[in-house]
Amino acid sequence: MKNRRLLALLAVAASLSCVLSACNFGGKKPEEQVIVDEENPTPTPEPEQEPVPTEEPVVWEPVYTSLDGSISIDMPDENWSNKTDANGIVSIESDSGKIVVIHGNEADMDTLVLPDSEDMAMTLERAKELEDGEFEILNYSNEDQGGVNVIYYLVKYLNTEKSDGVVSNIIKYISNETEYYEINANVNTDDDEVLTKVNNAVNSFKILSADSPLAAGAAAAVPALDAAAAGEGTGEGEAVDAASASDGAGYTEDDLSDTNRTRTLYSNDGSGRPFVVWNNDDGTWSDEEGNVYRFDESDVSIVYDQNDIDYYYNGEAGDVRYMPITGEE
């Protein structure tokens, strides 16, 4: 009896063991099992990206002061900004032009060619392979301001292909024997408003050190743009208000290209600007101030005024590009 009971217990124990083995997948402990879902594997976490820093907005300033604090210049408008400020060169630019300020010292003076006369300004433009009929020089001035030489003029380009798209160029030099500033302002649009703004910017140039020997020259105002410089001069076929001594009649562009009607004279001593005289139809010629001139019968290049002061005639009519005819300076 005891043996039968023992056998029954052993049979129950074996049955339970089989059931437990099936439930535990071969008898392994649950904590030792690894369950893998082949259809939806666990994704690898992406690395965290560093936040992009927020850029501070650029605040436009109407006046630009150089990094070394030596000079300042007004911006023509909000479309202009500083592009260069190093090694004595400051450049502010926009889509409509560029203003460059160059500072040179005594060592640089050896290679500096100052346009200290209108003829020299003409020569410097011709060096750019421009012909006389492809540009004009307007508003030329050369003055002494407290011992400082100040040169200013405007170049209007009539052949913009040769001038690399530049329509107007305002040039100003402030110099003495040991130092100089050159301001070169290019305008590449035929817009009178832009040209006026750029001219005002050149006029605003300041040397901030009161001890600088050039400060007095920088404070000198540049001339205001006249009608011809601002693009209000005569166009082809329009009458020119040229006041002759005879009748003050207006002349057309055809007259200004005809040496029988207008001629350009030069001073023999090199002083003064070239000027235009008009035919009075009575054998005499007159300038806009009413002075009368006569050409030597044996040599037409020699001309005398009513005081027998002689002048030089180079065979040019009144349309010489560096002496625009507007009837007034």
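Can you tell me how many residues in the stretch 76-97 are out of contact with any helix residue (DSSP H, G or I) (no Cβ under 7 Å at 6 or more places or on another chain) and in a loop (DSSP other than H, G, I, E, B)?
Total meeting the criteria: 6.
For the structure I just gave you, tell me whether residue 318 is touching a residue at least 12 places away in the same chain (Cβ under 8 Å) and in a loop (DSSP other than H, G, I, E, B).
Working: touching a residue at least 12 places away in the same chain (Cβ under 8 Å): yes; in a loop (DSSP other than H, G, I, E, B): yes.
So residue 318 passes the test.
Scan the stretch 142-168 for residues that are part of a strand (DSSP E or B) and either aliphatic (A, V, I, L, M) or surrounded by fewer than 20 Cβ atoms within 10 Å (Cβ to Cβ) (or both) and jot them down.
142, 143, 144, 145, 148, 149, 150, 151, 154, 155, listed by residue number.
Identify all residues within the stretch 54-76 that are more than 21 Å from the chain's Cα centre (by Cα) and modelled with pLDDT of 75 or more; write none if there are none. If you could, list the steps in order and put the result at the bottom.
Applying the first criterion (more than 21 Å from the chain's Cα centre (by Cα)) to the stretch 54-76 yields 54-59, 68-69.
Within the stretch 54-76, 68, 69 meet the criteria.
Check the stretch 200-217 and report whether any residue there is more than 23 Å from residue 66 (Cα to Cα) and either at pLDDT below 90 or touching a His at 6+ places or on another chain (Cβ under 7 Å) (or both).
No: the stretch 200-217 contains no residue that is more than 23 Å from residue 66 (Cα to Cα) and either at pLDDT below 90 or touching a His at 6+ places or on another chain (Cβ under 7 Å) (or both).
Looking at 297, 288, can you tell me which residue is outside the structural domain of residue 138 (by TED's automatic domain parsing), in a loop (DSSP other than H, G, I, E, B) and in contact (Cβ under 8 Å) with a residue 24 or more places away in the chain?
When all the criteria are applied, what remains is 288.
Filter the stretch 131-141 down to the residues that are surrounded by 14 or more Cβ atoms within 10 Å (Cβ to Cβ) and not in a strand (DSSP E or B) and list them by number.
134, the sole residue that qualifies.
The values are calculated or read from the model by the stated rules, or taken from the named source; none is laboratory data. Just so it is clear, the structure is predicted and the values come from calculations on it, not from any experiment. As a convention, Cβ positions derive from the backbone with ideal geometry for all residues, glycine included, and neighbour counts pool all protein chains shown.
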